[in-house]
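Peer 1: Here it is, the structure, as structure tokens.
The values are calculated or read from the model by the stated rules, or taken from the named source; none is laboratory data. Given the structure is predicted, the values throughout are model-derived calculations rather than measurements. For neighbour counting, all protein chains shown are included, and Cβ atoms are generated from backbone atoms with ideal geometry for every residue, glycine included. What goes into the accessible areas is simple: the full protein's heavy atoms, side chains included, and nothing from ligands, DNA or RNA. Shrake-Rupley method; radii C 1.70, N 1.55, O 1.52, S 1.80 Å.
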Amino acid sequence: MKMSEIRDESLWQSGEVKINWVKGNMPLLRSIEEDFSKSKPFVGIKVALSVHLEAKTAYLCKVLAAGGAEMYVTGSNPLSTQDDVAAALVHDGLSVFAWHGATDEEYNRHIESVVKVGPNIIIDDGGDLVNLIHTKYPELIPNVIGGCEETTTGIIRLIARDKQGELKFPMVLVNNADCKHLFDNRYGTGQSVWDGINRTTNLIVAGKNVVVAGYGWCGKGVAMRAKGFGASVIVTEIDPIKAMEAVMDGFKVMKMEEAAKIGDFFVTVTGCKGVICENSFMNMKDGAIMCNAGHFDCEVDVAGLKSIAVETKLARNNIQGYKLPNGNWVYVIAEGRLVNLAAGDGHPAEIMDMSFAIQALSAEYLVKNKGKLDKMIIDVPKEIDREVANRKIKFWGLEIDKLTPEQEEYLNSWNV
């Protein structure tokens, strides 16, 4: 039976246009859709998916549905769902529970709606589905073959749960695949974060001081693009090795309290909480702008900022202003939520083509290996990573060299 809870199904034509556009720029997923349409690996399988619900995610849903999956779809952030895209999926017969601007109660209800169907495969972004089924619906766990996790934050939660012996089904760490994190996290985040900032603020980046909190793959991408825009980039870190990387990449490194005094734009990309808080707010220049590119909205302590602000205002659409006790105004984009999706369209289609190809093939891997996996934390098999890379190279019209038998023997020998 078809079930859904969305804003307005009449918006479907606009959403379909968006989905068709990204489909035209996602050749990997198109090729996988062709394969799945023939092999039907997901017949009889219920898939619960919680990923930022925009056009690229919608096309992944359609690819899985082409493989026979019964899809139950929700978002993974209250501000990243696009209502016309949700409507397009419902028009195509998928079950969708999501809308833009959901309250906490609505968001949790939508998450719960896709869990209650008793999914066999879970595709998660941040861990909300996995957390809910473990804590509130443990009786449904026997139905679950396994799942896939899209993002770094979700993987941190999975590993913590597994260490405590509390992860009850296999989860594939999609984010750790080379064809995911090396490209999605670095080039995807690097571009989409600045797409969101630039379209929301309409301010120049060149000549400004940009503070990037965290120098993992996402932070590297954000810093690289800021440098390309002509900004002076400052990195804050807790890891001395990553701090050294930042220095050798040409960036300044300092503590957040010091960076707060000179920053114009602040981007948090750490996966941790309280990265920018009261002692930093009070050091900031008048007009400083903050945003978050981590999964959860706790990296910029917006609640703490509200508590010390003497006045607030909507400075511009999706930008909230806060007047500090010292008279300075500071600004937060998209409520401190994931800026590239809450204030933009997310990663470019060509980037998500690789990420979602990994998702689709990892889900197929779980179904093919039902009952055979003896660990709860599963790395993406190297053959899947390689297949995605080889297909992508082919679609780019490129050829690469291959080892000769003599070269293979040389590399695999010690007696040469």
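Peer 1: Considering only residues that are assigned to a loop (DSSP other than H, G, I, E, B) and open to solvent by less than 80 Å² (accessible area, probe 1.4 Å), look in segment 3-20 and name the one that is farthest from A349 (Cα to Cα). Step through it out loud before you land on a result.
Peer 2: At the first step, the residues of segment 3-20 found to be assigned to a loop (DSSP other than H, G, I, E, B) are 3-4, 6-8.
When the remaining residues are screened for being open to solvent by less than 80 Å² (accessible area, probe 1.4 Å), the result is 3-4, 6, 8.
On the way: M3: 28, S4: 26, I6: 24, D8: 25 Å.
Residue satisfying both the conditions and the ranking: M3.
Peer 1: So, one more: Right, G336: modelled with pLDDT of 95 or more, more than 22 Å from R30 (Cβ to Cβ) and over 20 Å from the mean Cα position of the chain (by Cα) or not?
Peer 2: On the way: modelled with pLDDT of 95 or more: yes; more than 22 Å from R30 (Cβ to Cβ): yes; over 20 Å from the mean Cα position of the chain (by Cα): no.
Judged against the criteria, G336 is not a match.
Peer 1: Can you name the condition, by its number, that G188 falls short on among (1) surrounded by 23 or more Cβ atoms within 10 Å (Cβ to Cβ); (2) closer than 16 Å to D379 by Cβ?
Peer 2: With respect to (1) surrounded by 23 or more Cβ atoms within 10 Å (Cβ to Cβ); (2) closer than 16 Å to D379 by Cβ, G188 is out only on (2).
Peer 1: Now a separate question. Go through (1) open to solvent by less than 10 Å² (accessible area, probe 1.4 Å); (2) under 23 Å from S355 (Cβ atoms); (3) aliphatic (A, V, I, L, M) for A87 and report which single condition fails.
Peer 2: Among (1) open to solvent by less than 10 Å² (accessible area, probe 1.4 Å); (2) under 23 Å from S355 (Cβ atoms); (3) aliphatic (A, V, I, L, M), the lone unmet condition for A87 is (2).
Peer 1: Please work out which residue is nearest to R157 (Cα to Cα), limiting yourself to segment 283-338 and to residues that are surrounded by fewer than 17 Cβ atoms within 10 Å (Cβ to Cβ) and of a type in the set (S, T, N, Q).
Peer 2: Filtering segment 283-338 for residues that are surrounded by fewer than 17 Cβ atoms within 10 Å (Cβ to Cβ) and of a type in the set (S, T, N, Q), the one nearest to R157 (Cα to Cα) comes out as S307.
Residue-by-condition table, conditions (1) β-branched (V, I, T); (2) at pLDDT below 95; (3) open to solvent by 20 Å² or more (accessible area, probe 1.4 Å); (4) within 20 Å of G346 (Cβ to Cβ):
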site: S80; (1), (2), (3), (4): no, yes, no, yes
site: F97; (1), (2), (3), (4): no, no, no, yes
site: E106; (1), (2), (3), (4): no, no, yes, no
site: R109; (1), (2), (3), (4): no, no, yes, no
site: Y137; (1), (2), (3), (4): no, no, yes, no
site: I141; (1), (2), (3), (4): yes, no, yes, no
site: G154; (1), (2), (3), (4): no, yes, no, yes
site: M171; (1), (2), (3), (4): no, no, no, no
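Peer 1: Would you be able to tell me the number of residues in segment 99-113 that are touching a Leu at 6+ places or on another chain (Cβ under 7 Å) and at negative phi?
Peer 2: Here is the first cut: in segment 99-113, the residues touching a Leu at 6+ places or on another chain (Cβ under 7 Å) are 100-101, 111-112.
This time we only want the ones that are at negative phi, so: 100, 111-112.
Of the residues in segment 99-113, 3 are touching a Leu at 6+ places or on another chain (Cβ under 7 Å) and at negative phi.
Peer 1: Continuing with this model, one more query. Write out, first by first residue and then by second, each pair whose Cβ atoms fall under 8 Å of each other, whose residues are 6+ apart or on separate chains, and whose first residue, in segment 287-310, is over 19 Å from D345 (Cα atoms) and part of a helix (DSSP H, G or I) while the second is open to solvent by less than 60 Å² (accessible area, probe 1.4 Å) and β-branched (V, I, T).
Peer 2: Going by the 8 Å Cβ cut-off, the qualifying pairs are V302/V332; L305/V330; L305/V332.
Peer 1: Within segment 34-56, track down each residue that is open to solvent by 50 Å² or more (accessible area, probe 1.4 Å), in contact with a helix residue (DSSP H, G or I) (Cβ under 9 Å, 6 or more places away or on another chain) and assigned to a loop (DSSP other than H, G, I, E, B).
Peer 2: Residue satisfying the conditions is K40 alone.
Peer 1: Any residue in segment 319-342 that is hydrophobic (A, V, I, L, M, F, W, C), without any contact (Cβ under 8 Å) to a residue 24 or more places away in the chain and part of a strand (DSSP E or B)? Even if it seems obvious, please write down each step before you answer.
Peer 2: Filtering segment 319-342 down to residues hydrophobic (A, V, I, L, M, F, W, C) leaves 319, 324, 329-330, 332-334, 338-339, 341-342.
So of that shortlist, the ones also without any contact (Cβ under 8 Å) to a residue 24 or more places away in the chain come out as none.
No; the residues of segment 319-342 include none that is hydrophobic (A, V, I, L, M, F, W, C), without any contact (Cβ under 8 Å) to a residue 24 or more places away in the chain and part of a strand (DSSP E or B).
Peer 1: May I ask you to list the residues in segment 242-282 that are without any contact (Cβ under 8 Å) to a residue 40 or more places away in the chain, out of contact with any strand residue (DSSP E or B) (no Cβ under 6 Å at 6 or more places or on another chain) and either open to solvent by less than 20 Å² (accessible area, probe 1.4 Å) or not in a loop (DSSP other than H, G, I, E, B) (or both)?
Peer 2: The answer is K242, M244, E245, M248, E257, E258, E278, N279, S280.
Peer 1: Still on this structure: Applying the selection to segment 197-206, what residues are surrounded by fewer than 24 Cβ atoms within 10 Å (Cβ to Cβ) and assigned to a helix (DSSP H, G or I)?
Peer 2: First, the residues of segment 197-206 that are surrounded by fewer than 24 Cβ atoms within 10 Å (Cβ to Cβ): 198-206.
Those that are surrounded by fewer than 24 Cβ atoms within 10 Å (Cβ to Cβ) and assigned to a helix (DSSP H, G or I): N198, R199, T200, T201.
Peer 1: While we're on this one: Scan segment 39-56 for residues that are within 19 Å of M26 (Cα to Cα) and of a type in the set (K, R) and jot them down.
Peer 2: Here is the first cut: in segment 39-56, the ones within 19 Å of M26 (Cα to Cα) are 51-56.
Residue satisfying the conditions is K56 alone.
Peer 1: Okay, next question. Among residues belonging to segment 207-232 that are open to solvent by 10 Å² or more (accessible area, probe 1.4 Å) and assigned to a strand (DSSP E or B), point out the one that is nearest to D301 (Cα to Cα).
Peer 2: Of the residues in segment 207-232, the ones open to solvent by 10 Å² or more (accessible area, probe 1.4 Å) are 207-209, 216-218, 220, 224-225, 227-232.
Next, from what is left, pick out any that are assigned to a strand (DSSP E or B): 209, 232.
Working: N209: 21, S232: 24 Å.
Checked segment 207-232; the qualifying residue nearest to D301 (Cα to Cα) is N209.
Peer 1: Same structure, new question: So G126 fits all but one of (1) modelled with pLDDT of 95 or more; (2) buried (at least 23 other Cβ atoms within 10 Å of the Cβ); what number is the exception?
Peer 2: The failed condition is (1).
Peer 1: Which residue pairs have Cβ atoms under 7 Å apart, sit 6 or more places apart or on different chains, and have a first residue in segment 21-33 that is open to solvent by 40 Å² or more (accessible area, probe 1.4 Å) and a second that is of a type in the set (S, T, Y)?
Peer 2: K23/Y59
Quick grid of which residues meet (1) among the acidic types (D, E); (2) part of a loop (DSSP other than H, G, I, E, B); (3) open to solvent by 10 Å² or more (accessible area, probe 1.4 Å); (4) touching a Gly at 6+ places or on another chain (Cβ under 9 Å):
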residue: D345; (1), (2), (3), (4): yes, yes, yes, yes
residue: D353; (1), (2), (3), (4): yes, no, no, no
residue: I358; (1), (2), (3), (4): no, no, no, no
residue: A363; (1), (2), (3), (4): no, no, no, yes
residue: G371; (1), (2), (3), (4): no, yes, yes, no
residue: K375; (1), (2), (3), (4): no, yes, yes, no
residue: N390; (1), (2), (3), (4): no, no, yes, no
residue: G397; (1), (2), (3), (4): no, yes, yes, no
